[in-house]
């Protein structure tokens with residue numbers, strides 16, 4: 001039995017600009033086990049969402065492999081992917097309102113993917129399955145004739161989840177699905193996602209800025225910086241034994257709700273390296289307080305320092321606790 005549902009190998013996604021190639025996702029490699037969740041964290045612009053959309057084939061990969069159950073879905077023609085794999089891989093978008101057609105009712109929005117992907121179903125069967133999905137995600141039947149603008153953010157996000165689940169997928173990319181919601185609603189949506197994962201054996205890639213959220217929901221956490229994956233390890237270990245200097249700075253920025261607690265903040269200085277035609281060096285070197293000439297001249301590779309703990313840093317051994 002295949003342990004990994006998804007294997008990403010040396011995945012790259014570049015965009016052409018007037019000044020050169022923007023390396024949005026650059027040589028990213030990782031695996032996701034079936035039924036598990038990998039959290040993807042990092043600053044805005046680090047390539048998290050582009051990575052998710054590339055896995056979904058919303059962006060065509062520049063190079064690399066995305067093996068879904070052993071089959072490379074990155075290199076196959078998009079028509080073949082949509083026909084054979086689109087229903088297995090779905091996405092929950094960050095802004096539920098922007099991803100919903102305001103002219104369609106709740107029932108129509110949930111019916112749409114079912115109808116498009118199951119042409120043989122009758123109208124009654126489509127409606128029945130849509131109502132089943134609404135019940136599954138906690139959308140009351142009385143809301144089926146409501147429109148997105150009449151609902152709060154939590155209910156709109158539940159519509160997005162129902163649409164994603166309607167095709168019975170195995171893998172779901174969650175692109176900051178709770179970032180636009182109030183804290184109390186965030187907890188409801190996170191609990192819903194975890195319940196659905198347990199019930200249906202779903203596999204998630206959870207993209208977020210919120211470290212407390214990613215710790216709550218993830219089995220593994222990967223940190224990205226300017227298109228590259230720089231650290232990956234089990235979720236609890238990254239908070240206990242952070243190795244990469246950038247990961248350390250990221251965690252030090254988490255507020256502590258105690259005015260008397262000692263908080264050693266690691267403030268980064270220097271300018272961000274341009275992701276357009278980057279030089280073959282450590283992209284964090286310009287902001288890293290420990291950078292040397294080697295860092296500015298040679299790109300570090302992601303390597304395993306401890307079991308299941310990978311880091312891309314020339315001097316990572318110095319930071320191991």
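Values as computed for the structure displayed
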read-out	value
For the range 105-249, alpha-carbon Rg over 2.2 N^0.38 Å	1.21
Within the chain, percent of DSSP bridges classed antiparallel, to nearest 5	65 percent
Largest-first ellipsoid semi-axes for the chain, taking √(5λ) over the Cα gyration tensor eigenvalues, angstrom	36, 23, 18
The range 24-164 pair-distance distribution - Cα-Cα, 5 Å bins, rounded %	2, 9, 16, 18, 17, 16, 13, 8, 3, 0
Most to least packed among 32-39, 143-150 [average Cβ atoms within 10 Å]	32-39, 143-150
Peptide ranges 202-215, 304-317 listed from the most packed, as the mean C-beta count within 10 angstrom indicates	202-215, 304-317
Average Cα contact separation per residue, the chain, under 8 Å, 6 or more apart, as relative contact order %	20 percent
Kirkwood-type radius of the range 1-99, with distances r between different C-alpha atoms, in Å	14.5 Å
Ordering of 69-81, 95-107, 239-251 by packing [mean C-beta count within 10 Å, highest first]	239-251, 95-107, 69-81
Gyration tensor (Cα) of the range 30-84, equivalent ellipsoid semi-axes in angstrom	21, 15, 9
Three principal axis lengths of the range 179-233 [C-alpha, angstrom, descending]	31, 27, 15
Residue-averaged [θ]222 nm for the chain, counting only DSSP H segments that reach four residues, each worth -39500 (n - 2.57)	-9000 deg cm²/dmol
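Readers should treat all values here as calculations from the given coordinates under stated rules, not as data from a laboratory. The structure presented is a predicted model; accordingly, all values stated were derived computationally and were not measured. Neighbour counts run over all protein chains shown; Cβ positions are idealised from the backbone, glycine included.
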